[in-house]
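Notes for the one structure printed next.
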Amino acid sequence: MESGENNSGLDDVHLWPMRYDLHSHSKASDGHYTPAELVALAKKKGVEVLALTDHDTSAGVAEAVATGKSIGMHVVAGIELSCLWHRNQIHIVGLSIDPASPELRDLEKSQAEKRDIRAREIGLRLEKHGFKDAYEKTKAMAAPGASITRGNYSRYLVSVGAGATEESCFSRYLGEGKPAYVEPNWPDMDTIVKTILAAGGIPVLAHPCRYGLKNKWILRLVKDFKSCGGEAIEVTGAVQGSSSEKFILTEIANKHELLCSCGSDFHHEKPSLDLGTDLSIPEAGKPVWKSPKFRLEC
Ligand code: AMP
Ligand code: MN
Ligand code: MN
Ligand code: MN
């Protein structure tokens, strides 16, 4: 393969820098749009390659791909899996996964069971604070069988006037140490990375700067992720901590021979977050779409 080529069959130079968005959510988890609506919106906003990466489920991928085929939009099959690393809740995106992989199917099933038990417990705790039928009402806002996260709960709480923003509902109810906080029991990072690899996917460490970790711990996390078999890290997101963040993350990626990914982590429009924002990867980094494993479903 010559440099500049990849499995997508696309030349990735001409339309640089805005076309890849490799992290997004639909109603299959805590996004506000159906997969079909999301793909159409992404196209309208100028995204040309979209990965659907719902929390612990690939259930929305088939609909996203079907829509991509009908409106002429490239779609990558993805997922965002939750794990625990030194008691921190870390997210690993899997890109170009095979949703039919038996290992992935088993993991999705056990994550769904854990999510449902936790969501019911969160609901009970909210009931004690006066939010009657919080679990049922939260579930009704997502797709049937959706993967329910605290993000779903924050949306419900905003809808009933419990807070002006989702962030404020986390500060009052859902964040660590708050009344409706329930500790998750996700698998360890090695299990998650190995499952993505078994499904033919590319394990990507999601938003390394959004776990509230000190620099020393971010570096440890990246090192451990690489030793588990991790292949890429997100260096560019819609919400950057600082203007230098993506350059520092690219240096870290290069040091550990990891590829660089970019994703908005779109759930719904916010003043600070929309689809189609500039997610360009610094020139020093090697984009994840150069991986021979990177594959477009359409
Ligand atoms: P969970 O995996 O159930 O713990 O939920 C994590 C999801 O909650 C994230 O993917 C976000 O969508 C959302 N979330 C987490 N923290 C916040 C916050 N401070 N403000 C708004 N949404 C948040
Ligand atoms: Mn979310
Ligand atoms: Mn995440
Ligand atoms: Mn996400």
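Values for this structure:
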quantity	calculated
The stretch 166-229 - percent relative contact order, Cα under 8 Å, separation 6 or more	30
In order through the stretch 143-153: 3J(HN,Hα) via Karplus (6.51 cos²θ - 1.76 cosθ + 1.60), integer Hz, x for Gly, Pro	5, x, x, 5, 7, 8, 10, 5, x, 4, 5
Potential lengthening between Asp116 and Lys132 on full extension [0.36 nm per residue; Cα-Cα distance subtracted]	4.0 nm
Global form of the chain, assessed from the alpha-carbon gyration tensor, a/c cut-off 1.5	prolate
Table column - 3J(HN,Hα) (Hz), the stretch 234-247, Karplus curve with 6.51, -1.76, 1.60, x for Gly and Pro	6, 9, 10, x, 5, 9, 9, x, 8, 5, 8, 3, 5, 6
Additional length obtainable on full extension of the chain from Trp217 to Lys293, 0.36 nm per residue less Cα span	24.5 nm
Entries in Lys214/Lys290; Lys246/Lys270; Lys137/Lys194; Lys69/Lys194; Lys45/Lys132 that, when Cα-Cα distance is taken, lie over 32 Å	Lys137/Lys194; Lys45/Lys132
Under 13 Å from the Cα of Lys255 - aspartates and glutamates, other chains or at least 8 residues apart	Glu231
Full-stretch length increase - Glu103, Met141 - with 0.36 nm per residue and alpha-carbon distance subtracted	10.7 nm
From phi via Karplus (6.51, -1.76, 1.60), per-residue ³J(HN,Hα) for the stretch 252-269 in Hz, x at Gly/Pro	5, 4, 4, 4, 9, 6, 10, 7, 10, 10, 9, x, 6, 6, 5, 10, 6, 5
Residue with peak Gaussian network fluctuation, the chain [Cα springs, cutoff 10 Å], from Gly276, Gly241, Gly201	Gly241
Amide proton proximity set for Leu259, modelled H, under 5 Å, gap of 5+	Ala232, Ile233
Counting DSSP beta bridges with both ends in the chain, the antiparallel % (nearest 5)	45
Amide hydrogen neighbours beyond the local backbone of Leu81, cut-off 5 Å, H modeled	Asp56, Ile92, Val93, Gly94
Mean Cα-pair separation over length for the chain, i.e. relative contact order, pairs under 8 Å, 6 or more apart, %	24
Cut-off under 5 Å, modelled amide H: who pairs with Ala51 long-range	Asp21, Leu22, His23, Val76
Within a Gaussian network of the chain (alpha carbon springs, distance under 10 Å), most fluctuating of Pro179, Pro144, Pro271	Pro271
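Just so you know, all these numbers are worked out from the coordinates, no wet-lab data involved. Everything numeric in this text was worked out from a predicted model, so none of it was measured.
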